[in-house]
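Heads up, the thing below is written out as structure tokens.
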Amino acid sequence: MYRLREWNRGDADRLLEAFRWDELAWQEPEVPRTRDDALEWIARCGRLAGEGDVHGFAVVDGTDRVLGHAQVSVTSRRH
């Protein structure tokens, strides 16, 4: 079973691995290359969610291993 959850600081190494193998790199204009970059990317996901228009989630399996990223952008609050 897969589920979505917020990214957290503990995901930094898996995030770097995903970007290194281009699983996510084609989707992101600023690709993190270091652990500090990955931590900033995760923090940015939280800030964007706090602003209310862009929500990024880690896709995880039943053991909470990160498998990917899903992002939702709010284009119309009326809908």
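Things to note:
- Apportionment of accessible area to carbon and sulfur, the chain, percent (1.4 Å): 51 percent
- Cα-based helix-to-principal-axis angle, 35-51 vs the chain, degrees rounded to 10: 10 degrees
- Here the 3J(HN,Hα) profile of segment 64-71, calculated from phi with Karplus coefficients 6.51, -1.76 and 1.60 at θ = phi - 60°, is 6, 6, 5, 10, x, 9, 10, 10 Hz, Gly and Pro shown as x.
- Take the chain with all the other protein chains still there, run a 1.4 Å probe, and you get 70 Å² of accessible area per residue.
- Compactness index (Cα Rg / 2.2 N^0.38 Å), the chain: 1.09
- In the chain, helices alone account for a calculated mean residue ellipticity at 222 nm of -10500 deg cm²/dmol, with every DSSP H run of four or more residues adding -39,500 (n - 2.57).
- Residues whose amide H lies under 5 Å from that of His69, counting only those 5 or more places away or on a different chain, are Val59; hydrogens are built 1.01 Å from N in the peptide plane.
- Segment 36-75: C-alpha gyration tensor shape, a/c 1.5 cut-off, then a/b vs b/c: oblate
- Placing +1 on the Cβ of every Lys and Arg and -1 on the Cβ of every Asp and Glu, with nothing else charged, gives the chain a dipole about its Cα centre of roughly 300 debye.
- Mean separation of Cα pairs under 8 Å and 6 or more residues apart, divided by the residue count, gives segment 2-78 a relative contact order of 35 percent.
- Most positive-pole-ward Cα, Gly46, Trp21, Thr34, against dipole of segment 1-57 from beta carbon charges: Gly46
The values are calculated or read from the model by the stated rules, or taken from the named source; none is laboratory data. If you're wondering where the values come from, they're calculated on a predicted model, not measured in any experiment. Note that each Cβ is placed from the backbone with ideal geometry, even for glycine, and that neighbours are counted across all protein chains shown. Ligands, DNA and RNA are excluded from the accessible area calculation, which covers all protein heavy atoms including side chains. Shrake-Rupley method; radii C 1.70, N 1.55, O 1.52, S 1.80 Å.
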